[in-house]
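Some notes on the structure that comes next.
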Amino acid sequence: MKRVIAWRNRPLIMGVLNVTPDSFFDGGKYSTTEEAVSHALYMIDEGADIIDVGGESTRPFSKPVSVEEELKRVIPVIEGIRKTSYIPISIDTSKEKVAKEACNAGADIVNDISGMSFDKNMADTVCNTGAQIVIMHIKGTPEDMQNNPYYENVVSEICEFFKERISFANKHGIENDCIILDPGIGFGKRVSDNLAIIKNLKVFKEFKMPILIGTSMKSFIGHVTNSPLNERMEGTLASIAISIWNGAD
């Protein structure tokens, strides 16, 4: 059964819940299941439409964790949220086994930073669970993506990536109404690339799929506003407002 989220006549807000010790902004803040579930419920009360649960940091230069460790971090949290709320939950993972177990525990969306390219079994699992899939663009892996990334035309190259990945998804039985596209702000991008993506978001609307944008507190905001990590709220809000204006869903 497909778990298609009902899109509303306004942009949806994704509350990000990192149950990791090393995420770039909030690593270690929600290290117990109780703390993580409590924060998820707080975000829901504050207006979140989707809760995105991640058990592996994907900040620049981060190293992967094992499937077992990722499962240990995320499954109890997803189960805890689902016990008290029907809110759509997305699992931020590029591992097929984690995606499968998360969907069994109550997740509705698989948010894969690799666009289903890191794990050859991911597409079949997404199809079999009926989950929606976030196809995100990344150049390289989190460990090496910020080692001098380069594009001739970042928007055109992301479009080509989306075309190939959508075709791949379709071949594995994933229908278009189950696909969300994310151009991957900060994932193998220079400051100029991130700004070009936000400026040209309408280009990605040609795919007629929801566009997800994640800019919160990222380093490109710090470069533009000359601000440290804990002083990027205004820059974050501005980047979100401009993204919505340009077509983000």
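The values are calculated or read from the model by the stated rules, or taken from the named source; none is laboratory data. Computed from a predicted structure; not experimentally measured. No Cβ is skipped: glycine too gets one built from the backbone with ideal geometry, and neighbour counts run over all protein chains shown. These accessible areas exclude ligands, DNA and RNA; they are computed on the full protein's heavy atoms, side chains included. Shrake-Rupley method; radii C 1.70, N 1.55, O 1.52, S 1.80 Å.
At a glance:
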item	result
Over the chain: helical MRE at 222 nm, DSSP H runs n ≥ 4 each giving -39500 (n - 2.57), nearest 500	-12000 deg cm²/dmol
Cα-based radius of gyration of the chain once divided by 2.2 N^0.38 Å, which approximates compact folds	0.94
Distance in nm between pseudo-label sites at Val155 and Lys63 (7 Å out along the Cβ direction from Cα)	4.0 nm
Separation between Cα centres of segment 177-229 and segment 33-53, rounded to whole Å	23 Å
Residue-normalised accessible area of the chain, expressed per residue, 1.4 Å probe, Å²	48 Å²
Integer Hz, Karplus 6.51/-1.76/1.60 couplings in order for segment 224-229, x for Gly and Pro	6, 9, 6, 10, x, 3
At least 24 Å along the helix axis (C-alpha) and Kyte average at least 0.0, DSSP helices within the chain	154-171
Cα-derived Rg over Rh, computed across segment 79-184 with Rh taken as Kirkwood radius	1.00
Debye, to nearest 20: dipole size of segment 71-138, +1 on Lys, Arg Cβ, -1 on Asp, Glu Cβ	220 debye
Computed lengthening from Glu46 to Asp144, 0.36 nm per intervening residue step minus Cα-Cα distance	31.7 nm
Segment Ser227-Ile244, length gained on full extension (0.36 nm per residue, minus Cα span)	3.8 nm
The chain - percent of accessible surface contributed by carbon and sulfur, probe 1.4 Å	54 percent
